[in-house]
Every structure is written in C-alpha cells, then in structure tokens.
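> Sharing a structure with you now.
The values are calculated or read from the model by the stated rules, or taken from the named source; none is laboratory data. Given the structure is predicted, the values throughout are model-derived calculations rather than measurements. As a convention, Cβ positions derive from the backbone with ideal geometry for all residues, glycine included, and neighbour counts pool all protein chains shown. What goes into the accessible areas is simple: the full protein's heavy atoms, side chains included, and nothing from ligands, DNA or RNA. Shrake-Rupley method; radii C 1.70, N 1.55, O 1.52, S 1.80 Å.
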Amino acid sequence: MSFNNLDTLYRQVIMDHYKNPRNKGILDNGNLTVDMNNPTCGDRIRLTMNVDGGVVKDAKFEGEGCSISMSSASMMTQAVKGKDIDTALKLSSIFSEMMQGNEYDEDIDLGDIEALQGVSKFPARIKCATLAWKAMEKGLKETK
Amino acid sequence: MNAHEIKKLFPILDQNVNGSPLVYLDSAATSQKPISVIEEVSKYYREYNSNVHRGVHTLGTMATDRYEGAREKVRKFIHASSIEEVIFTRGTTTSINTIAASYARASLKQGDEIVISYMEHHSNVIPWQQVAKQTGAVLKYLPLQEDGTISLDDVRNTVTGNTKIVSIMYVSNVLGVINPIKDIARIAHENGAVMVVDGAQAAPHLKVDVQDLDCDFFAFSGHKMCGPTGIGVLYGKKQLLENMEPVEFGGEMIDFVDQYESTWKELPWKFEGGTPIIAGAIGLGAAIDFLESIGLDEIEAHEHKLAAYALEQMSGIDGMTIYGPKSAAQRAGVITFNLSDVHPHDVATVLDADGIAVRAGHHCAQPLMRWLKVSATARASFYLYNTEEDIDKLVQGLVKTKEYFSNVF
C-alpha cells in the first residue's frame, strides 16, 4: 500500500483538527459530563456539555488518543453546538452509518465530518473515530 | 539456528499484507504456529477425536494417551517433578485466577499483604485486586528503577512478615525486562510468602526450570509459544495444590458423586472440570517438541541478538523514545517505543500499510503506562522466525512514518 491509500485516512482537515483541536477543555458551566474509554487501546475522552431547553448550548472535550479519535472529538463538538438533542442524535446515527460504510442521508451537510469517511476503509480504526460520538450519545440519551 | 529456514516452517508468514510481504512483529501478543503444530491439531480432529478419561473404545484411549502425553511434555519442559503438578487451563489468565480464587481466597485474611510490581500485565493485577477486596488483604506495589528494572533492595523493603503472596512476571511484555525471579522467590520465602510467577512471556523464549527458580506457582499460555489459543498451564507445588479446593466443579474432576456431597479426583485432574482442551493440549505438546528441536538456549540467544540489533538501529531514528533497559543483555525480544509526537495507533496504521504488524496501545498494562507517564506506546516483539531484515524493514517503516506525519502536520 502506498501513501495514497493512507491519504484517504489522514486527510488534511483531520490533521488540522488533530493539531488545532476545537472546543478543547472542560466547560465551566457544563451540566452534563461523560467519561468514556476505549478499553482495547487506552484512548479516553471527557466530554462536558451544557444542555438547556433541549438544546446543546455548548460542548468541550478533553482526552488522550490518536489523530483519528481526537480529530473526531473536535469535529463532533463543533457539529453539535447549537443543535437540539434530536438533531445531535441524528448526526450521531448518520456518523455511525458512515463508519460502517453504509448509505446515509446526504441531504444533511456534515461539513468537516465528511473527511472521516475514509476511516470506514480501516476497520481497526473505526472505534477510534466513534469514541467521542458514543460519549455524546450516552450523555444526551440520559437527559431524555 | 537459521531464522530464514525456520520462517519457512510457518505457512502464515509466507503472504503479502496490503501488497507487501508480511513482517510479523507482534509475537508478544500471540506467536505464529509452525506447520507441525497445525498438523498435529488437525490430525486429532481427523483421526482420533474422542473424549478423554472415559469409555473404553480405541479412539478414546488414543485421545487420552496423547492428552496425557502432552502433560508429560509440559512437565519436562518446565522441569516439574511430577505430572501431578501440571494442570491444563485456558491460559495464563485462568491459571492466575485459579491461584487467586482457590489458594489466596482461602488462606488470606485481613492485614495480610500481596506484593506485585508496577510492570505487571492486567492478568497479574486484577485477580489480586479482587482477592484483596474479598479478604481484606492489602495489595502492595514494588516500585521500579528508572530503567524499568526491579531492584532486590526494593523487594526486601516491600516484602514483610505480613506478605503472604508475591506475584511477579518473569519477562515483561512491555519493557522486555527479564526479572530476577529466583532471587525474588528466595526473599518471598524468607518472609514466609508463596511465590507466583507469571511466565507468559518467559516460557516461549527461555529455558524454564520451576524447581531451580523454587517458585510455588508458575502460569503460562500455549499460544505465545507456537501452540494453539485456549490452552495454558498452571504449575503448582504438590503440597500446595493438594490442600487447594477446585474452582470449577462438574464432570471429569470428580471421584464419587453422592446426592449432597462429592469427592474429587486426585491431582492434577481435580482442577480440570469439564471436557478438557484436548486439541489445545496436544497442539501445545507439538509446540514444545518444535521449540525443543531448535533449543530454548538457541532461541533466547537469537532474540538477544535481534533485540541488540533493533535497539541499535531504532535509537538512531530522530525523535525515538525506547522504554526499558538500554542494554540488550537484560532484555527479551520486546521493544516498546514512541516516535516523537505521532500517536502509536497512527504509527501502527502507517506500518500496517507496508505489511508490518506491530502492537499499539496500553498492552494490558495500564499501571505501567501511568508509571511511564504515557497513555499508549507502540511495541515490536520478536520471535525465532524473525530476522535482521525484518528489523531493517521496521526501521525503514518508522522513518517513513515520521516523514509522512511531518508532511501532513
């Protein structure tokens, strides 16, 4: 395999999120905290969200992990900010379909997240990409 | 020994992965299997598959002979004094859990101490955490030296008259360190404690003599030493095993079953409840034959040579951090490392794209990762079928990984 194949995984936008993560840290006014680990590899994330009136007002993450898991966390927080719970959960299920290489609703603009599509070709890395999304899903489902 | 010739005996190694010849550097996770082991397992299923220790038919007798024959091979392999001391289990984890659930739970009380080290694999940590919770015993950790080795002074300072169990790995699956088990066992015994050895990374790579080590228990797995998965061994001194209760009850392990009471078979079978892992044990026997045909001393020397070569070649890469002793003399064929700020998962993915298999993650040793102050590392581990060319490819792959990530960042 050449670097070209790797390029489908390590897209420029992913590396940008990894090097310059958005929404990194712990929310001072967070009312929802989720800790999640990937026990097979040791990646971990702490996601704090401020959820008010059924809307994710703010989200931040902190954690340790590879380029895929950390960039995915960065993109996820960016995507759910300002979304209502149902929309955030919908995004999560679209993301999950995308990771499994399935068809998903292409009417929804995923922005940077689309760059993670290549991960579906690297089965060993799918769990890296989904960690932050699972944390978000777990937190929001608890509020329902 | 000639590793190039040995490599040919492993059919799996003759293939391309992602378009490049496979370079398998993950034997510490599980070793590959030589054709002789694969054929021996297949022969059991093709020619004499039967249950053991029951029935009088011919195939049943053959299966029993081969299963018990494998036990004798294990006995010789680890230099145990009798087959009563050799119990087949599912693997190292089951072996240590059996010691914890049977011996430790029955003999420990409030205030007793269990001593392990910071380098232990989870399978030699969690069973003791559980025993400590169940009995009120205290779990104590041996500190490590700067280079990841254990100092006997620390052992003397940590093991006390209250210590009842000392449980240490023989060879570290992360640092590659070979621990001074014989000396640690002596200190344990001076304090009245029993010595448990996690031998998972030792049995495949060096000559094990349980009587010379004078350990009380020794646990190891078949799959890391060219044998099948799902088979392992628990060695225990006879007088300890005799006084221990079985952990699993059912068929195979009983002497006489009354309505409300039962009695157990003699050693070692009282610890082998249910139909045993027959094909696994026969496969392990074949793996022992294979390793002995090459010679454990030869294998150990080959791995030392590879470790020395890898240490030299890898430390030349800019941004490389290697964990554990800097000298190959204290090491088995395990090199754990990080490559500047490239995450180990990313290192492993880039290497995999060139057919090079390494492990990335915490290696089932989270307490050690905390001690090293890292969340994850990459690991290359070598075995008798690896060559210096494999290490050259690893080094080339690592240089390439570094270039690739310096471009994308």
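> From the list B:ASP216, B:ASP212, exactly one residue is surrounded by fewer than 17 Cβ atoms within 10 Å (Cβ to Cβ) and either more than 16 Å from the chain's Cα centre (by Cα) or over 14 Å from B:PHE77 (Cβ atoms) (or both). Which is it?
Values: B:ASP216 fails: surrounded by fewer than 17 Cβ atoms within 10 Å (Cβ to Cβ).
Just one listed residue meets the conditions, B:ASP212.
> When you look at B:ASN2, is it of a type in the set (S, T, N, Q) and within 14 Å of chain A (Cβ to nearest Cβ), yes or no? Spell out the reasoning first.
Numbers: of a type in the set (S, T, N, Q): yes; within 14 Å of chain A (Cβ to nearest Cβ): no.
So B:ASN2 fails the test.
> If only one of B:GLU5, B:GLU40, B:GLU47 is open to solvent by 60 Å² or more (accessible area, probe 1.4 Å), under 19 Å from B:LEU284 (Cβ atoms) and part of a helix (DSSP H, G or I), which one is it? Working first, answer last.
On the way: B:GLU5 fails: under 19 Å from B:LEU284 (Cβ atoms); B:GLU40 fails: open to solvent by 60 Å² or more (accessible area, probe 1.4 Å).
Only one candidate qualifies: B:GLU47.
> Find the strands (runs of 3 or more DSSP E) located wholly in segment B:188-264 whose residues include 3 or more that are touching a helix residue (DSSP H, G or I) at 6+ places or on another chain (Cβ under 6 Å), and list them.
Values: elements: B:194-198, B:217-221, B:232-236, B:254-257, B:262-264.
Qualifying strands (runs of 3 or more DSSP E): B:194-198, B:217-221, B:232-236.
> Could you say whether any residue in segment B:69-76 is open to solvent by less than 60 Å² (accessible area, probe 1.4 Å), of a type in the set (Lys, Arg), at pLDDT 95 or above and assigned to a helix (DSSP H, G or I)?
Within segment B:69-76 (the criterion being open to solvent by less than 60 Å² (accessible area, probe 1.4 Å), of a type in the set (Lys, Arg), at pLDDT 95 or above and assigned to a helix (DSSP H, G or I)), the answer is yes, since at least one residue qualifies.
> Give me a count of the residues in segment B:79-93 that are in a helix (DSSP H, G or I), touching a strand residue (DSSP E or B) at 6+ places or on another chain (Cβ under 6 Å) and either outside the structural domain of B:MET169 (by TED's automatic domain parsing) or among the β-branched types (Val, Ile, Thr) (or both). Even if it seems obvious, please write down each step before you answer.
Let us first name the residues in segment B:79-93 that are in a helix (DSSP H, G or I), namely B:83-85, B:92-93.
In the following step, the residues that additionally are touching a strand residue (DSSP E or B) at 6+ places or on another chain (Cβ under 6 Å) were identified as B:85, B:92.
Of the ones still in play, those that are also either outside the structural domain of B:MET169 (by TED's automatic domain parsing) or among the β-branched types (Val, Ile, Thr) (or both) are B:92.
Selection size over segment B:79-93: 1.
> Quick check on segment B:5-21: of everything there that is more than 20 Å from B:GLY227 (Cα to Cα) and in contact (Cβ under 8 Å) with a residue 40 or more places away in the chain, which residue is farthest from the other protein chains (Cβ to nearest Cβ)?
Pass one, segment B:5-21, residues more than 20 Å from B:GLY227 (Cα to Cα): B:15-21.
Next, from what is left, pick out any that are in contact (Cβ under 8 Å) with a residue 40 or more places away in the chain: B:16-21.
Values: B:ASN16: 10, B:VAL17: 9, B:ASN18: 4, B:GLY19: 5, B:SER20: 7, B:PRO21: 13 Å.
Across segment B:5-21, the extreme among qualifying residues is B:PRO21.
> Right, something else. Please give the number of the condition B:ILE322 fails out of (1) open to solvent by 10 Å² or more (accessible area, probe 1.4 Å); (2) among the aliphatic types (A, V, I, L, M); (3) within 14 Å of chain A (Cβ to nearest Cβ); (4) within 23 Å of the chain's Cα centre (by Cα).
Result: B:ILE322 passes all but (3).
> Output the qualifying pairs, or none if there are none: Cβ atoms under 7 angstrom, residues six or more apart or on different chains, first residue in segment B:110-137 and over 19 Å from B:VAL155 (Cβ atoms), second residue among the β-branched types (Val, Ile, Thr) and crowded, with 16+ Cβ neighbours inside 10 Å.
Correct list of pairs: B:SER123/B:THR92; B:SER123/B:THR93; B:SER123/B:ILE96; B:PRO127/B:ILE96; B:VAL131/B:ILE114; B:ALA132/B:ILE114.
> Among the residues of segment B:97-135, count how many are touching a Leu at 6+ places or on another chain (Cβ under 8 Å) and either part of a loop (DSSP other than H, G, I, E, B) or buried (at least 22 other Cβ atoms within 10 Å of the Cβ) (or both).
Looking only at that region, the number is 12.
> Assuming B:TYR385 fulfils every condition listed in (1) assigned to a loop (DSSP other than H, G, I, E, B); (2) away from every other protein chain (no Cβ under 14 Å); (3) open to solvent by 30 Å² or more (accessible area, probe 1.4 Å) apart from one, which condition is it?
Tallying (1) assigned to a loop (DSSP other than H, G, I, E, B); (2) away from every other protein chain (no Cβ under 14 Å); (3) open to solvent by 30 Å² or more (accessible area, probe 1.4 Å), B:TYR385 fails exactly one: (3).
> Further, regarding this structure: What are the residues in segment B:361-382 that are assigned to a strand (DSSP E or B) and out of contact with any Leu (no Cβ under 9 Å at 6 or more places or on another chain), if any? First the steps, then the outcome.
Filtering segment B:361-382 for residues assigned to a strand (DSSP E or B) gives B:361, B:377-381.
Across segment B:361-382, the qualifying residues are B:GLY361, B:THR377.
> Same structure again: So which residues in segment B:335-357 are closer than 22 Å to B:ILE12 by Cβ, open to solvent by 20 Å² or more (accessible area, probe 1.4 Å) and not in a helix (DSSP H, G or I)?
B:ASP354, B:ALA357
> Determine which single condition A:MET76 fails, assuming it passes every other condition in (1) at pLDDT below 95; (2) under 27 Å from B:THR377 (Cβ atoms).
(1)
> May I pose another question? So B:TRP371 passes all but one of these: (1) closer than 21 Å to B:ALA332 by Cβ; (2) open to solvent by less than 20 Å² (accessible area, probe 1.4 Å); (3) not acidic (Asp, Glu). Which condition number does it fail?
(2) is the only condition that B:TRP371 fails.
> Just to be sure, is B:LEU241 touching a Phe, Trp or Tyr at 6+ places or on another chain (Cβ under 9 Å) and under 30 Å from B:TYR24 (Cβ atoms)? Steps first, answer last, please.
Values: touching a Phe, Trp or Tyr at 6+ places or on another chain (Cβ under 9 Å): yes; under 30 Å from B:TYR24 (Cβ atoms): no.
In short, no.
> Using the structure shown, decide if A:ILE126 is open to solvent by 10 Å² or more (accessible area, probe 1.4 Å), in contact (Cβ under 8 Å) with a residue 12 or more places away in the chain and not hydroxyl-bearing (Ser, Thr, Tyr). Please lay out each step first, then the result.
Details: open to solvent by 10 Å² or more (accessible area, probe 1.4 Å): yes; in contact (Cβ under 8 Å) with a residue 12 or more places away in the chain: yes; not hydroxyl-bearing (Ser, Thr, Tyr): yes.
So A:ILE126 passes the test.
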